[in-house]
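For reference, the structure discussed in these notes is given below.
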Amino acid sequence: MPDLTCAGLTTLDILVRPVDALPDTQKPTLVEEIVLAPAGTASGAAMVAATLGLDVAVISAVGNDVNGDIVLQLLKRADIDCTHVARLDALPTSTSVLTIRRDGERPVFHMLGSSILTELDRKAVETARRSRFFHFGGVGFPNLSSPAALEAVAEIRAAGAYVTCDLIAPQPETIDTLRLLLPNIDCFMPSEAEVRVLLGEIAPPDALRTFIEMGAHSCIIKRGGLGSVALHDGDIIEVPAKAITPVDTTSCGDSYCAGFIASLAKGKGISFEAAMIAATETAAQVALGLGTLGKLERMAA
């Protein structure tokens, strides 16, 4: 039985630092680091959770291409179950090139790919049903926003999994999907930028109450350098960010989600606030280095 199954976006991230300006000639420019890493709401969270010692499975899709080969090789090297990562001919593997500046800014070149066609088929749902935690990072993908997919999430939760949810580039109309989905979500974890897309300019406590009124049991808003704020069992909980000098914040949102889940999974009787603090620490460790794992160290299962 997996500790965690993650469904949603899988990309291959190619990260380069430092890149403060693109060269205007063909002369090679030396950089300090180039890193390849699986990333996204599914595979990024899975990589971090596996590094934190959880037994993890992924539901996603990659292309029948070299980039897909690399993604699967890196996921399997992290001991992640890739049984439900489909290989598709229709589109290439989702891939991003990120040029990380010395000041932490990170211009991104992204190619949409097979991941947008991810499905929750029957076998994938059965794996998620047997998991202790299910992280649903597929809101916004057509097949994962369908009525059948939302019914599958409800089925997974009814089977006993603790269900968390993150977003992929939401649009204002995504709120309609969330109205159907959130009653089956134990913890909804959008970023503050995503909240603004969904609800406009709104104070975090009001946004939290809005999502709870829509049905989520708990909600955490990730606020980057301002930390995170949650509404859980009627209480507002605020956790500040760690004081660090970040190198790369690309995967901080996914690492926060993974750190939160791993804390609940490995801690006996751990409080919601303590899990938020652990998530903050995880995101800080990731931000100290380049790519999905940054400076995060592998923990024993």
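Here are a few things to note about the model shown:
- Put simply, of Glu105, Glu151, Glu173 the only residue that is of a type in the set (D, E, K, R) and at pLDDT 95 or above is Glu151.
- Search result, residues across segment 220-241 that are surrounded by 17 or more Cβ atoms within 10 Å (Cβ to Cβ) and aliphatic (A, V, I, L, M): Ile220, Ile221, Val229, Ala230, Leu231, Ile237, Val239, Ala241
- Listed conditions (1) more than 20 Å from Lys123 (Cα to Cα); (2) of a type outside the set (A, V, I, L, M); (3) in contact (Cβ under 8 Å) with a residue 24 or more places away in the chain are all met by Gln26, apart from (3).
- Top-ranked residue in segment 78-116 [being in a loop (DSSP other than H, G, I, E, B) and among the hydroxyl-bearing types (Ser, Thr, Tyr); ranked as farthest from Gly44 (Cα to Cα)]: Thr93
- Of all residues in segment 83-106, those satisfying the criterion of being under 19 Å from the mean Cα position of the chain (by Cα) and either under 28 Å from Asp20 (Cα atoms) or of a type in the set (A, V, I, L, M, F, W, C) (or both) are Val85, Ala86, Thr93, Ser94, Thr95, Ser96, Val97, Leu98, Arg106.
- Any hit, segment 197-212, residues being buried (at least 18 other Cβ atoms within 10 Å of the Cβ), closer than 30 Å to Thr99 by Cα, at pLDDT 95 or above and in contact with a helix residue (DSSP H, G or I) (Cβ under 9 Å, 6 or more places away or on another chain): yes
- Listed by first and then second residue, the pairs linking a residue in segment 54-75 that is without any contact (Cβ under 8 Å) to a residue 24 or more places away in the chain and at negative phi to a residue that is crowded, with 24+ Cβ neighbours inside 10 Å and polar (S, T, N, Q), with Cβ atoms under 8 Å apart and 6 or more places separating them unless they lie on different chains, form an empty list.
- For segment 31-44, the condition of being within 15 Å of Ala262 (Cβ to Cβ), surrounded by 24 or more Cβ atoms within 10 Å (Cβ to Cβ) and touching a His at 6+ places or on another chain (Cβ under 7 Å) holds for none of the residues.
- A search for C-beta distances below 9 Å between a residue of segment 184-208 that is of a type in the set (Ser, Thr, Tyr) and any residue that is part of a helix (DSSP H, G or I) and surrounded by fewer than 21 Cβ atoms within 10 Å (Cβ to Cβ), counting only pairs 6+ apart in sequence or on different chains, returns Ser191/Gly224.
- Against the numbered list (1) within 21 Å of Glu297 (Cα to Cα); (2) crowded, with 22+ Cβ neighbours inside 10 Å, Asp3 comes up short only at (2).
- When Glu173 is tested against (1) crowded, with 21+ Cβ neighbours inside 10 Å; (2) free of Cβ contacts under 8 Å to residues at least 24 places away in the same chain; (3) farther than 30 Å from Ala287 by Cα, only condition (1) is not met.
- Residue in segment 120-137 that is over 23 Å from Ile80 (Cα atoms) and touching a helix residue (DSSP H, G or I) at 6+ places or on another chain (Cβ under 6 Å) present: no
- Failed item in (1) surrounded by 14 or more Cβ atoms within 10 Å (Cβ to Cβ); (2) touching a residue at least 40 places away in the same chain (Cβ under 8 Å); (3) not in a helix (DSSP H, G or I), with Ile244 passing the rest: (1)
The values are calculated or read from the model by the stated rules, or taken from the named source; none is laboratory data. Since this is a predicted model, take the numbers as computed values, not measurements. No Cβ is skipped: glycine too gets one built from the backbone with ideal geometry, and neighbour counts run over all protein chains shown.
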